[in-house]
Amino acid sequence: MLQMLQRCCCCFSGELGAKPRSKKSDDYPWENYTLKDLIHATNNFNNKNKLGEGGFGTVYFGQTSKGEEIAVKRLKAMTAKGEMEFAIEVEILGRVRHKNLLSLRGFYAGGDERLIVYDYMPNLSLISHLHGQRATNLLLDWPQRMKIAIGAAEGLAYLHHEASPHIIHRDIKASNVLLDANFNAKVADFGFAKLIPEGVSHLTTKVKGTLGYLAPEYAMWGKVSESCDVYSFGVLLLEIVSARKPIEKLPGGVKREIVNWVTPLVERGRWDHVADSRLGEKLDKAQLRNVVEVAMLCTDGKPENRPTMLEVVELLKSAVRDRRTKEVVLKDEDDGGIGEPSYSEKKSWKTSRMR
Ligand SMILES: Nc1ncnc2c1ncn2[C@@H]1O[C@H](COP(=O)(O)OP(=O)(O)OP(=O)(O)O)[C@@H](O)[C@H]1O
Ligand SMILES: [Mg+2]
């Protein structure tokens with residue numbers, strides 16, 4: 001097994017001191033980095049270069065000798081089995097290319113080090129804009145939020161329907177949607193969730209950390225399918241619109257899931273209450289309603305009622321295309337809705353399509 005791993009790894013990694021090979025080939029679309037390259041780029045994994053830390057390891061900012069900005073994820077130690085899976089996973093993921101996916105740029109595997117290299121995303125992750133440092137001084141406006149939501153949906157639709165083999169992300173959340181210089185969404189960390197062997201301590205932390213995004217059938221019975229990602233995407237959509245966390249701690253310590261908070265508001269037609277209040281006048285109320293309806297479809301308790309990600313992309317695009325005039329929107333709110341089909345109408349559309 002180890003031999004196999006070495007064979008796998010040496011296909012696409014550079015050992016310290018090894019002769020540099022050609023940077024890219026048609027067979028292996030990633031770049032070869034030596035450990036020396038990456039130590040130099042990250043200033044020896046300097047704490048000042050640290051961008052963040054997750055379940056798999058720590059992410060560092062780096063600059064190559066050619067001046068390219070990179071992000072280097074330094075993985076925690078793995079077992080031999082884990083390393084084998086890592087090599088296969090990287091082999092698959094290294095070949096996945098889409099404008100809304102943060103693809104691997106390259107990696108290094110040698111000795112105890114497992115380093116994955118990505119493009120550096122100057123606007124970091126969505127989480128820092130919704131809940132973190134950048135949430136106050138660099139507020140994402142409504143069109144930016146919609147562009148990010150559609151981009152992330154397109155990346156996910158590609159993983160589900162076009163990538164070969166098809167990939168279920170399993171960890172869609174705000175910290176895994178990164179933003180480039182133009183605020184284009186890049187879905188990150190696809191496929192790595194399944195690398196965590198059962199019983200490993202950080203699995204517990206990880207599941208706790210992303211609990212609010214888990215589809216009920218996955219959380220309760222471990223049933224994984226594309227529709228689990230659709231559910232998580234629906235939670236993310238509500239988070240983008242409201243800037244509320246997937247699970248909020250209420251006074252007294254009670255925890256409330258975002259879906260349980262939104263559902264009664266949707267039932268009472270209180271769309272305005274769902275939106276991030278900081279959006280102010282820039283909020284498009286008609287679009288807000290449409291987008292929340294899409295999120296409700298995605299977070300349906302029954303996986304068979306959820307749309308596919310291809311359908312979500314189409315629903316979102318038409319949701320933001322639909323710019324009704326103020327008068328029509330007001331009339332809509334008064335008489336219970338005209339024009340664009342309502343949430344329940346869309347639901348029955350979906351249900352009838354499923355039959
Ligand atoms: N390519 C990148 N460019 C810029 N920042 C990045 C990049 N990749 C990751 N980060 C930052 O590093 C942080 C940690 O990422 P990491 O993927 O290790 O953890 P996580 O997303 O919080 O959890 P998980 O391990 O479940 O994915 C992210 O929240 C993000 O801010
Ligand atoms: Mg991540």
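The values are calculated or read from the model by the stated rules, or taken from the named source; none is laboratory data. In this text the structure is predicted, and so the values were computed from the model without any measurement. Cβ sites come from the backbone with ideal geometry, for glycine too, and all protein chains shown count toward neighbours.
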All conditions in (1) in a strand (DSSP E or B); (2) assigned by TED's automatic domain parsing to the domain that holds Ile240 are true of Gly132 except (1)
Inspect region 103-110 for any residue being assigned to a loop (DSSP other than H, G, I, E, B), out of contact with any Lys or Arg (no Cβ under 9 Å at 6 or more places or on another chain), under 17 Å from Tyr33 (Cβ atoms) and touching a residue at least 12 places away in the same chain (Cβ under 8 Å) and give the result as yes or no. no
Scanning region 161-185 for residues that are part of a helix (DSSP H, G or I) and over 22 Å from Leu211 (Cα atoms) gives His161
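Residues to consider are Leu297, Leu265; find the one that is surrounded by fewer than 20 Cβ atoms within 10 Å (Cβ to Cβ) and over 16 Å from Leu211 (Cα atoms). Steps first, answer last, please.
Numbers: Leu297 fails: surrounded by fewer than 20 Cβ atoms within 10 Å (Cβ to Cβ).
Only one candidate passes the filter, namely Leu265.
Quick one: which residue in Leu124, Leu156 is within 16 Å of ligand 2 (Cβ to nearest atom), more than 15 Å from Phe233 (Cβ to Cβ) and of a type in the set (A, V, I, L, M, F, W, C)?
Numbers: Leu156 fails: more than 15 Å from Phe233 (Cβ to Cβ).
Going through Leu124, Leu156 in turn, the sole match is Leu124.
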Filtered residue count, region 230-264, keeping only those that are over 19 Å from Ser128 (Cβ atoms), charged (D, E, K, R) and touching a residue at least 24 places away in the same chain (Cβ under 8 Å): 1
Among the residues of region 132-141, is there at least one that is closer than 19 Å to Thr210 by Cα and either within 16 Å of ligand 2 (Cβ to nearest atom) or buried (at least 19 other Cβ atoms within 10 Å of the Cβ) (or both)? yes
Regarding region 95-116, can at least one residue be identified that is near ligand 1 (Cβ under 9 Å from one of its atoms), closer than 26 Å to Tyr213 by Cβ and out of contact with any Pro (no Cβ under 7 Å at 6 or more places or on another chain)? yes
Being part of a helix (DSSP H, G or I) and either out of contact with any Ser or Thr (no Cβ under 9 Å at 6 or more places or on another chain) or crowded, with 17+ Cβ neighbours inside 10 Å (or both) is the filter here; which residues of region 39-50 pass it? Ile39, Ala41, Asn47, Lys48, Asn49
Inside region 51-66, the number of residues satisfying the requirement of being within 11 Å of ligand 2 (Cβ to nearest atom) and loosely packed, with under 15 Cβ neighbours inside 10 Å is 1
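Return yes when Glu327 is in the same structural domain as Pro246 (by TED's automatic domain parsing) and at pLDDT 95 or above and no when it is not.
Details: in the same structural domain as Pro246 (by TED's automatic domain parsing): yes; at pLDDT 95 or above: no.
The answer is no for Glu327.
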May I ask you to list the residues in region 99-121 that are under 21 Å from the mean Cα position of the chain (by Cα), more than 16 Å from ligand 2 (Cβ to nearest atom) and either among the aromatic types (Phe, Trp, Tyr) or modelled with pLDDT of 95 or more (or both)? Lys99
Inspect region 87-96 for any residue being under 17 Å from the mean Cα position of the chain (by Cα), without any contact (Cβ under 8 Å) to a residue 40 or more places away in the chain and within 18 Å of Asn176 (Cβ to Cβ) and give the result as yes or no. no
